[in-house]
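A short write-up of the structure that comes next.
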Amino acid sequence: MIKNEYQWCSWCYRKATHRLVKRNYLTRNEYICSSCGNFAVQCRYCQNMATFKPSTKKAKGFINSRKENWASELCAEHDGTIADFEKLNNRLNDLADYESIFKRTKWNLAKTGKIAVGAVAGCSIICPATYLAAPGIASALGAAGFLGAASTGTAISTLSGAALTSASLAALGPGGVAGGIAVVSAVGAALGAAQGAVVSNSYFGAIKDFKIIKVKDGVGPSLIFINGFLSQKNQDSSDWVSAVSEKYTTNPYYYVTWESGSLYKMGNLMGKGVGGTAFKKYITKLMKQGSRSFVKKLNPLSLASTISEIIGNPWHISMVKAQMTGVLLADLIARTNNIDGFVLMGHSLGARVIYYLLEALSTKNISPINDVYLLGGAVDRKDIDGWEKALKAVNGNLINCYSSNDNTLKFLYQGANALVSRPIGLGDIEVIDNKLINKDTTSIIAGHMKYKEIFDKILREI
Ligand SMILES: [Zn+2]
Ligand SMILES: [Zn+2]
């Protein structure tokens, strides 16, 4: 007797009928998911389906993932990829409820923080480990809907075989990958839905100290504060709050923390003076740690060893973590019900978080972002395509405040990035768009860590 199963699929994250295609006596029965067409077997610990082999077995190039070769023991819940199938499409009534997406109702047997780094066309791609699936990471990302539309306008996710692979490679290609490292984000409808939650679940585990704290309730657009380098160990949002409370008296405020430990370590050294010996020594050490050897390797490694090997030093790791934080926040914002929208404020690497957040949100039809303030931003200003995209996600104004007195950015950002990248914290974002306001605050900003002290003054001028 043939018995089909109506269960969650660890390939497509949908609840679907799984047709029994092969009854086995010593091993588990084989099924095909009616939603995605891939093969599945039942999880060892529950009724959900674990991945078996993809519908077409054509792995070449990158990784012959273990998924290609044998059945996974566990479903995506039990192996820690996601917290809960049922919650992937959940909406949030308040951004501060974000943890509900990551709350585990079942215990997971494998470790969490499932991130992998793959290489595509000479670039390093950071994505959830589950997308290192055959047939090749590029196709897997394309099939999952991460890469949007091909140049022909067709959704890449609807392609298959060679067309899928080449469209995916084109979408990921060196042109679209700044600095040789791409952090994968869900795009369009996937952001704020199931595939977005798969990404968020994995990045959430990899960003230390990620929290969204509601500072105060209120009415009108919600303000979100995002820090970069920290001058104090136990940083809170009080500096932001005192700067904005005159202009935004009634609004709700939120404060995002991420990687506070390393941001403080670097911020503290900078506080001691950019010319200081300790700082110079630190930077010199950072530069020596850099390594570009990673792209030659073809194995998925753990996040810690891989990221530090590709990018080599804490500064670059912070830059990548900022990207991941931006992608994670974009998914959470996209699933939050908020008719009044958001105002984003970011300092230093916090502006980098916002840039990637906006880029991800720009792939949706509607964005909830009103105004954006970037102070001493540590993100490239010459990437015209990127900024045009980011501005698409802004309904009001994007205000970029910079200062030529910012020696931290001059030294650290331009130094560490081998002068190939120019940060927005040192000059105009060179895009023509009437939503964009470039504001030279050199006359009142004496250094990188001085912005929040006189942000109230800047707000009054705008
Ligand atoms: Zn499926
Ligand atoms: Zn399971």
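Kindly list the residues of segment 224-251 that lie in the label zone of LYS214, defined by a backbone N under 15 Å from the point 7 Å along the Cα-to-C-beta vector.
Flagged as within label range: 224, 251.
In what order, largest first, do CYS401, CYS46 sit by accessible area if the probe radius is 1.4 Å?
Working: CYS401 0, CYS46 25 Å².
Reading off the accessible areas and sorting them downward yields CYS46, CYS401.
Considering only protein heavy atoms, with the full assembly of protein chains and a 1.4 angstrom probe, order ILE226, ILE339 by accessible area, largest first. Numbers along the way, then the final one.
Numbers: ILE226 0, ILE339 175 Å².
These residues rank, largest area first, as ILE339, ILE226.
So how do 425-436, 443-454 stack up, highest first, on mean other-Cβ count within 10 Å? Please report the intermediate quantities before stating the final value.
Values: 425-436: 16.9, 443-454: 18.7.
Result, highest mean first: 443-454, 425-436.
Any chance you could run the full-extension gain for LEU459 through ARG91? It's 0.36 nm times the residue separation minus the Cα-Cα distance, nm to one decimal. Could you put the intermediate results ahead of the total?
Numbers: separation 368, 0.36 × 368 = 132.48 nm, distance 3.26 nm.
Extra length available between LEU459 and ARG91 comes to 129.2 nm.
With respect to the cross-link table entries LYS15/LYS106; LYS382/LYS450; LYS382/LYS435; LYS214/LYS247; LYS247/LYS382; LYS321/LYS450, which display a Cα-Cα separation exceeding 21 Å?
Values: LYS15/LYS106 17 Å; LYS382/LYS450 24 Å; LYS382/LYS435 17 Å; LYS214/LYS247 19 Å; LYS247/LYS382 31 Å; LYS321/LYS450 23 Å.
Long pairs (Cα-Cα over 21 Å): LYS382/LYS450; LYS247/LYS382; LYS321/LYS450.
List the residues whose amide H sits under 5 Å from the amide H of VAL215, counting only those 5 or more places along or on another chain, with H placed 1.01 Å from N in the peptide plane.
Answer set, sorted by chain and number: TYR253, TYR254, TYR255.
Determine the per residue accessible area of segment 350-441 with all protein chains present and a 1.4 angstrom probe, expressed in square angstrom. Write down the numbers at each step before the final one.
Working: 3370 Å² over 92 residues.
About 37 Å² of surface per residue is accessible.
The values are calculated or read from the model by the stated rules, or taken from the named source; none is laboratory data. Quantities reported herein were computed from a predicted structural model and do not represent experimental measurements. Positions of Cβ are generated from backbone atoms using ideal geometry, with glycine treated the same way; all protein chains shown enter the neighbour counts. The protein model used for the area step is the full one, side chains on, heavy atoms only, and it has no ligands, DNA or RNA in it. Shrake-Rupley method; radii C 1.70, N 1.55, O 1.52, S 1.80 Å.
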